[in-house]
Amino acid sequence: DAIGGRRLAVSQLVLCRPSELAAAAADDLSVRVIDIRSGRVVRRFGGVGVHSNRITDMAFSPDGRWLATSCMDGGIRVFDIPSGRLIDWMAFS
């Protein structure tokens, strides 16, 4: 993905082999979920308004349905990949 012709830096990449998905955390504070076989972005989560700081870690649920992210803002967010929705979040101070 590019914004205004500028390529985005990827700070982290995680794979979910059972679902053949990868998640890439970008410097625009978003996560792109990519279908490994086609190379296409199937979901985009986050960005300004969801993550307010750099994404520090990500993990898929064992079945590949959910993606959890942690962020330097002290928050953990859980996204449902099929629906594209944020389903849970918690903050630590």
Q) Between I76 and D27, what is the label-to-label distance in nm when each label sits 7 Å out along the Cα-to-Cβ direction? A) 2.9 nm
**Q.** All-pairs alpha carbon distance profile, the chain, 10 Å steps from 0, percent
**A.** 17, 54, 27, 3
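Ignoring ligands, DNA and RNA, what accessible area per residue does the chain give at 1.4 Å, in Å²? Write down the numbers at each step before the final one.
Working: 5750 Å² over 93 residues.
It amounts to 62 Å² per residue over the chain.
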Q) Got a number for the accessible area of R32? Probe 1.4 Å, square angstrom, nearest 10. A) 20 Å²
Q: Multiply the residue gap between Q12 and A91 by 0.36 nm, knock off their C-alpha separation, and tell me the result in nm, one decimal place.
A: 26.3 nm
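The values are calculated or read from the model by the stated rules, or taken from the named source; none is laboratory data. Keep in mind it's a predicted model, so treat the numbers as computed, not measured. Glycine also receives a Cβ, built like all others from the backbone with ideal geometry; neighbour counts cover every protein chain displayed. Just the protein is used for accessible areas: all its heavy atoms, side chains included, with ligands, DNA and RNA removed. Shrake-Rupley method; radii C 1.70, N 1.55, O 1.52, S 1.80 Å.
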